[in-house]
Amino acid sequence: MAIEYTYEVISVDVDARCMEVVYRSAGRQQMHMGVRLPWEGESLEAVIHAHSPVVYWQEQDRIVQAVAVGTTGSITVPQSEQSDESDQANYEMLFEASVEQKVAKALVKFGVLQSDPTSVEVTQL
């Protein structure tokens, strides 16, 4: 089922890189959403659509099934869906790099370092 909606940007915070958008659709609940600002070269309409409450509105039209209190079960995740140790290692490495960048920026800010050592260009390596 197609859902037509309108949007209105009611506030923008460039420093926080976000905006508040009101979404409206006939016969549906009006929604106020926090939405990121579009990146340079990205269309506003694409960002507005990506954050629209269309899925929520569609769910409101669906009939739910009753589930008995106390229902239990067991689910086995196929091997292809399980994350492996390399995923965790990659996450930890990216997190560590992020922390190092923040510390380096603080050290530059307070004059402990003259330049940020984490911002070395690839061509300089």
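The values are calculated or read from the model by the stated rules, or taken from the named source; none is laboratory data. The shown structure was predicted, so the numbers you read here are calculated from the model rather than taken from an experiment. Glycine gets a Cβ as well: all are built from the backbone with ideal geometry, and neighbour counts include every protein chain shown.
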Screening Pro78, Pro117 for residues that are of a type outside the set (Ser, Thr, Tyr), modelled with pLDDT under 95, farther than 30 Å from Ser11 by Cβ and surrounded by fewer than 10 Cβ atoms within 10 Å (Cβ to Cβ) leaves only Pro78
Would a scan of the range 23-35 turn up a residue that is free of Cβ contacts under 8 Å to residues at least 12 places away in the same chain and within 18 Å of the chain's Cα centre (by Cα)? no
Here are Val54, Val22, Val35: which of them is among the β-branched types (Val, Ile, Thr), surrounded by 13 or more Cβ atoms within 10 Å (Cβ to Cβ) and in contact with a helix residue (DSSP H, G or I) (Cβ under 9 Å, 6 or more places away or on another chain)? Val35
Run Gln30 past the list (1) farther than 14 Å from Ile3 by Cβ; (2) loosely packed, with under 14 Cβ neighbours inside 10 Å and report the number of the one that doesn't hold. (1)
